[in-house]
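None of the figures in this text is laboratory data; all of them are computed from the coordinates on show. Quick caveat: nothing in here was measured; it's all calculated off a predicted structure. Neighbour counts run over all protein chains shown; Cβ positions are idealised from the backbone, glycine included.
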Amino acid sequence: MKQKLIYICQNCGFESPRWIGKCPQCNEWNTFIEDVTVTKKPSTATKIGASNITTLADISTDAEYRINTGITEFDRVLGGGIIPGSLVLVGGDPGIGKSTLMLQLCSNIPQAQPLYITGEESLQQIKYRSMRLPKMDTSLQLLAETNVELIDAAIKSNNTSVVIIDSIQSVLSDRIDATPGSITQVRECAMLLMQTAKKTGKAVFIIGHVTKDGSIAGPKILEHLVDTVIQFEGEKQYSYRILRCLKNRFGSTNEIGVFEMSDSGLNEVLNPSEVFLSGRNEDESGVAIVGTMEGARPILLEVQALVTPSNYGTPQRSANGYDMRRLQMILAVLEKRIGLHFGTNDVFVNIAGGVYLNDSSCDLGIAAALVSSLRDVPLDTKTVFIGEIGLTGEVRSVSALEARINEAAKLGFDRCIVPAAGINKVIKNPNITIKPIEKISSAIVDLF
Ligand code: TYD
Ligand code: MG
């Protein structure tokens, strides 16, 4: 087949016959790299007859069938189990635990006779990893192969219903002359695997590494192509891992699963709040508990603030696991509406447990922690803060207030400070005191 040189944007996949410095599609600089393309042969497709076109009503479906993996956290993220014939991309930083997760998944579904195809590690390495894992099913089928055409043939001839490809960056098609991991290769291989999944009705999981800026290498094209994208996240220095659904053709993308990496593989964390709150220092100033949502699940987290006199001319503002602009807005509201001065202080905010909080309903908790640190007065350790702060200092209502309150009650907290606006429908929980507030100023007066 004839091949021609092209240039592809590593960020968005835009193709150009010449090298260009700035991508006209995504406006990124220096993202073009040389690649090859296969010149397409004339299509042999013939006419579409009337019989090819159908109506919705005529399409028969079996009742939706899913393979239950027995790993609750994993099933939840997929929307209730593995759909036969689906192509799922599992992304994540190198070393985060993708191979471990997939190996444990395989071991859990012997009835699906999974086939684990490795292009990255030797069979011995997989064996060593499996020896660390509890209850490993030793009849798991393994194949060490990188040629996608051979992989394709193996999938078709095997009696498996779940296939794992570890990883998409290591497989290649010898029909094209590009290096493994390049956009052309990744796209070509993924497309072939997609067709195989659809034709055979076998579910295919492809593991994909994530580049430094957080996108899945080989990039958006792959995300468009597959049915489901799940991402395995976490900070290396912490043992928690969050499995997050970024795209799902068969379910909601709101769900997350929480795992903990141990010496013997990944364990499910069925009650994340308990884990995130363990080991906290009570009776210290600058600490507040917030009720946040991860997908459809309420999770309680500890936020920490440290306000200290600044030694330099320009006071520092630093946020770890929280949006810097949001922090600056809260500081501005506290200055303007309550008259608290942070101007000569350094301000640090940290979310405990290595979680990134992207939820404006934590504003109230952050504000309380900031004031607590500024005044050096600890907050009540049995209180949970829920509420978004607006620019006029009003405390705004948040979604799923009842679920958050119930989570706080379940974990033994006594009091929830919540937006008054959210209490229009009466939320009752006999185990916890609910204190509605309207203005951040009244909350601060009540607390200190
Ligand atoms: P791995 O699954 O190889 O990551 P990935 O496929 O995403 O690159 O997991 C790598 C890390 O997990 C490695 O640093 C070792 C650690 N690990 C454990 O802590 N406990 C275990 O039981 C296993 C198997 C791995
Ligand atoms: Mg791996």
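Long-range amide H contacts for Phe32: which residues qualify at under 5 Å (H placed 1.01 Å from N, peptide plane, sequence gap of 5 or more or a different chain)?
Gln10
Rounded to whole Hz and in sequence order, give me ³J(HN,Hα) for the stretch 146-156 from the Karplus expression 6.51 cos²θ - 1.76 cosθ + 1.60, θ = phi - 60°, writing x for Gly and Pro.
Per residue, the Karplus-derived 3J(HN,Hα) values read 10, 7, 5, 5, 5, 4, 4, 5, 5, 5, 5 Hz.
For the chain, what is one quarter of the convex hull surface built on the Cα atoms, given in nm²?
Values: hull surface 111.8 nm².
So the mean shadow area of the Cα hull is 28.0 nm².
Among Tyr128, Tyr116, Tyr7, which comes first, second and so on when ranked by fewest other beta-carbon atoms within 10 Å? Don't skip to the answer; put the middle values down first.
Values: Tyr128 11, Tyr116 25, Tyr7 17.
So the ranking, lowest neighbour count to highest, is Tyr128, Tyr7, Tyr116.
Can you give me the distance in nm between label points at Lys382 and Thr308, each placed 7 Å from the Cα along the Cα-to-Cβ direction?
Each label point lies 7 Å from its Cα, and together they span 3.3 nm.
Can you figure out the FRET efficiency of Lys199 with Leu246, using R₀ = 35 Å and their beta-carbon distance, to the nearest 0.05? Present the calculation step by step, with values, prior to reporting the outcome.
Numbers: r = 26 Å, r/R0 = 0.73.
That pair, Lys199 with Leu246, gives E of 0.85.
Taking the simple approach of a point 7 Å from Cα along Cα-to-Cβ for both Arg415 and Thr433, what is their distance in nm?
0.5 nm
Taking 60 Å as R0, compute the FRET efficiency from the Cβ-Cβ separation of Asp446 and Ala50 and round it to 0.05.
Numbers: r = 73 Å, r/R0 = 1.21.
In this case the efficiency is close to 0.25.
Kirkwood Rh, the stretch 256-331, all Cα pairs: how many Å?
Values: mean 1/r = 0.0657 Å⁻¹.
By the Kirkwood definition, the hydrodynamic radius is 15.2 Å.
Using 7 Å Cα-to-Cβ label points, what is the Gln125/Asn254 separation (nm, one decimal)?
Using points 7 Å along Cα→Cβ, the separation is 4.0 nm.
What full-extension length gain, to one decimal in nm, is calculated for Glu282 and Trp19 as 0.36 nm per residue of separation minus the Cα-Cα distance? Present the calculation step by step, with values, prior to reporting the outcome.
On the way: separation 263, 0.36 × 263 = 94.68 nm, distance 5.85 nm.
Taking 0.36 nm per residue and subtracting the Cα distance, the gain is 88.8 nm.
Take the Cα gyration tensor of the stretch 275-447, multiply each eigenvalue by 5, square-root it, and list the three semi-axes largest first, rounded to whole angstrom. Write down the numbers at each step before the final one.
Details: eigenvalues 125, 60, 41 Å².
Values for the stretch 275-447, descending: 25, 17, 14 Å.
Only bridges whose two residues both fall in the stretch 66-270 count here: according to DSSP, what percent of them are antiparallel, nearest 5?
Details: 17 of 42 bridges.
Percentage antiparallel, nearest 5: 40.
Of all DSSP beta bridges in the chain, what percent run antiparallel (nearest 5)? Provide the component values of the computation, followed by the final result.
On the way: 45 of 84 bridges.
Counting only bridges with both partners in the chain, antiparallel ones make up about 55 percent.
Kirkwood hydrodynamic radius, the stretch 221-360, all distinct C-alpha pairs: what's the number in Å?
Working: mean 1/r = 0.0576 Å⁻¹.
Across the stretch 221-360, the inverse of the average 1/r is 17.4 Å.
Taking a temperature of 37 °C and a viscosity of 0.692 mPa s, what whole-number D in µm²/s does Stokes-Einstein yield for the stretch 66-270 with Rh from Kirkwood over alpha carbon pairs? List each step's numbers first, then the result.
Values: Rh = 16.7 Å.
The Stokes-Einstein estimate is 196 µm²/s.
Pairs Lys98/Lys247; Lys156/Lys247; Lys4/Lys156: which are spaced more than 24 Å apart, C-alpha to C-alpha?
On the way: Lys98/Lys247 18 Å; Lys156/Lys247 27 Å; Lys4/Lys156 31 Å.
Lys156/Lys247; Lys4/Lys156, as the Cα separations exceed 24 Å there.
Taking a cut-off of 14 Å between Cα atoms, list the aspartates and glutamates near Lys198, but don't count ones fewer than 8 places away on the same chain.
Asp152, Asp227
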